[in-house]
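The values are calculated or read from the model by the stated rules, or taken from the named source; none is laboratory data. Not measured: the values here are computed from a predicted model. Quick reminder, even Gly has a Cβ in these numbers, built from the backbone with ideal geometry, and neighbours come from all protein chains shown. Surface accessibility is based on the protein's heavy atoms, side chains included, excluding ligands, DNA and RNA. Shrake-Rupley method; radii C 1.70, N 1.55, O 1.52, S 1.80 Å.
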Amino acid sequence: MNSRLSLAVLVMAIILAPVSAQAQETEFVTVYGAQLPELDPQKALFSNEAQIHTALYEGLFTYDPQSLEPVRALAQSWERSADKKVYRFTIRENARWSDGTAITAQDFVRSWFRMLDMNADYATFFDVIVGAKDYRTGRDRNPEHVGIKATDPRTLEVSLVRPVAYFTRLLCHHSFSPIHPSMLSVTDWRAAVPYPVNGPYKPVSMTDNELVLEKNDQYWDAQNVSIPTLRMMFTDDDALATSLFNTGHVHWLDGPGTYEEILLQTAIQIFPIYSTHYWFFNCRSAPWNDRRVRRALALLLPWDTIRSGDLYRLPAKTLVLPLPGYAKTKGIEKADREEALKLLSEAGYPNGEGLPEIVIAFADYERPRSIATSFKAEWEKALGLKVSLKPMTPASYYQTIGSRAESSSFTIAHETWIGDFADPEAFLQMWTSGAPLNIAGYDDPTYMDYMQQSYSASEDTRMSLLSQAETELLQGGACLPIYHNFAASVIDTDYIQGWYQNALDVHPYKYLRFGTPSINPNVARAGSASTIARITASVQ
């Protein structure tokens, strides 16, 4: 079926569904962007996927929906050794997969080793575990040397290379969720729906436009899961998303939508999050792997204009949003043509002569295009370089910049990163040598020395060392921060209870409940004939 036609059929099915209050309160509908989610939690990378996985999976801990403090999930209890390097977790006695079989400590062992065997993007998060980095990188493939053990069916023992203050926070991340034994070798997860999971909801169907989940009655805390069905739609059609929300057929817009046209303006949720939009050089090949060249090009840019407060609510001079005890980082804040030309001359490119073409890759949105155009104009004016723009559709863009095979196809690109836990390492680990998330190919011995020192330092010293590492990253021009992000959603939090603004923009589906709407959605359906005509016209 044609994708536009199938979306039209889906919209008509939602619109023509019974509109009684009872029917309205049995299904919660979210609209995400058109990029379909990765259902494998160990391969999922994007924020919408992290949100969806709050419904499908749980690890040892999960997020408190308001404070983001770690809350025990499959861990009934836990203890830590005196040196803070060995953790023992007891799995809940009533922990079950959705097919009714028991969840065991061995399920965690098998799943975590799968993550290391794949050396997946988030596998670097496991490097705090003894032997994990050597195992995933192939230096030592003996599983007995990795600190992940099932000492009995309900006890998981994890040994760390160093004390990790944020370890239980890290375990909230979806990459640490266990995977059902039947799914360990599956490659096409969409085709496998329905399959067993351990979260509050289980998948029942998936098409090119929607994912439907139903409450998992085998979930250990099923009595506290209120909403029977979750329906997730995937589209980039802002007009369609807005119409569906305004007419009460959708409860949450997480991405698409035209906010000026939202009738219930109090439903618009805009708040700062632990996230930064930055540009980065492809450091995998010369001359862009030369710190002097990168810094020189960065020093030729008018940062006051590029990071103007007229453009962004929170212009970013650093990668990490300042945290308590972490505020001494210094990035490149202004242009300096004299130093830039001196550095280029030292690197063997006087006045830029001999530098190859600069290819600026970007997702074809207004802001990235504007920034890319500014870079192009400044570098061409200052050095007479050949600079080309490489706009891409959002879906193809993220696949391209994340692919090692495509790494030679661009010089500089952009990324928006949301920290997975409230610690500088949520941003800095991804720049370490060989990290799967290090898509820039950044490899700097000074940076690595600061990072290595931080692992065994006291907390105050650790924060200072991490700040010095970030300063090295920024001053070397590998990472060029532009702005810290705000999350934006549309949801009536009077009607949908349990949804809170928080710094990670994660809202576990488990806690959502229907309350009393600010405006009864059924009122908007009074003119249903014109509503149906208008909405379906936009998808045909």
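Numbers below:
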item	result
Contacts under 6 angstrom Cβ, first residue in the range 58-87 being more than 16 Å from Ala165 (Cα to Cα), partner hydroxyl-bearing (Ser, Thr, Tyr) and at pLDDT 90 or above, 6 or more apart	Gly59/Ser177; Pro65/Tyr500; Pro65/Tyr511; Gln66/Tyr500; Ala73/Thr62; Gln76/Thr90; Ser77/Thr90
Residue list for the range 285-306, restricted to those being of a type outside the set (A, V, I, L, M, F, W, C), open to solvent by 20 Å² or more (accessible area, probe 1.4 Å) and either more than 18 Å from Thr446 (Cβ to Cβ) or modelled with pLDDT under 95 (or both)	Ser285, Pro302, Asp304, Thr305
Residue in the range 97-104 that is touching a helix residue (DSSP H, G or I) at 6+ places or on another chain (Cβ under 9 Å), under 21 Å from Ser175 (Cβ atoms), at pLDDT 95 or above and part of a loop (DSSP other than H, G, I, E, B) present	yes
The range 332-344 residues that are closer than 11 Å to Arg294 by Cα, paired with ones that are outside any helix (DSSP H, G or I) and of a type in the set (A, V, I, L, M) (beta carbon under 7 Å, 6 or more apart)	Ala340/Leu300
Asp310 part of a loop (DSSP other than H, G, I, E, B) and surrounded by fewer than 14 Cβ atoms within 10 Å (Cβ to Cβ)	yes
Test result for Asp188, open to solvent by 60 Å² or more (accessible area, probe 1.4 Å), touching a residue at least 12 places away in the same chain (Cβ under 8 Å) and closer than 19 Å to Pro37 by Cα	no
Test: residue in the range 206-229 that is free of Cβ contacts under 8 Å to residues at least 40 places away in the same chain, hydroxyl-bearing (Ser, Thr, Tyr) and either on the phi < 0 side of the Ramachandran plot or open to solvent by less than 40 Å² (accessible area, probe 1.4 Å) (or both)	no
Residue within the range 112-125 that is surrounded by fewer than 19 Cβ atoms within 10 Å (Cβ to Cβ) and touching a Lys or Arg at 6+ places or on another chain (Cβ under 7 Å) present	yes
Whichever residue in the range 407-460 is open to solvent by less than 10 Å² (accessible area, probe 1.4 Å) and among the aliphatic types (A, V, I, L, M) and, among such residues, is nearest to the chain's Cα centre (by Cα)	Ala426
Test set (1) closer than 21 Å to Gly147 by Cβ; (2) open to solvent by 70 Å² or more (accessible area, probe 1.4 Å); (3) not hydrophobic (A, V, I, L, M, F, W, C) - Tyr87 fails condition number	(2)
Inter-residue pairs, beta-carbon under 8 Å, first free of Cβ contacts under 8 Å to residues at least 40 places away in the same chain and in the range 440-456, second surrounded by fewer than 16 Cβ atoms within 10 Å (Cβ to Cβ) and of a type outside the set (A, V, I, L, M), 6+ apart	Met448/Ser433; Ser454/Thr461
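Yes/no per residue for (1) more than 30 Å from Phe421 (Cα to Cα); (2) among the acidic types (Asp, Glu); (3) in contact with a strand residue (DSSP E or B) (Cβ under 8 Å, 6 or more places away or on another chain); (4) at pLDDT 95 or above:
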position: Leu314; (1), (2), (3), (4): no, no, yes, no
position: Leu323; (1), (2), (3), (4): no, no, no, no
position: Ala335; (1), (2), (3), (4): yes, no, no, yes
position: Leu341; (1), (2), (3), (4): yes, no, no, yes
position: Ser345; (1), (2), (3), (4): yes, no, no, yes
position: Tyr349; (1), (2), (3), (4): yes, no, no, yes
position: Gly352; (1), (2), (3), (4): yes, no, no, yes
position: Pro356; (1), (2), (3), (4): yes, no, no, yes
position: Ile360; (1), (2), (3), (4): yes, no, yes, yes
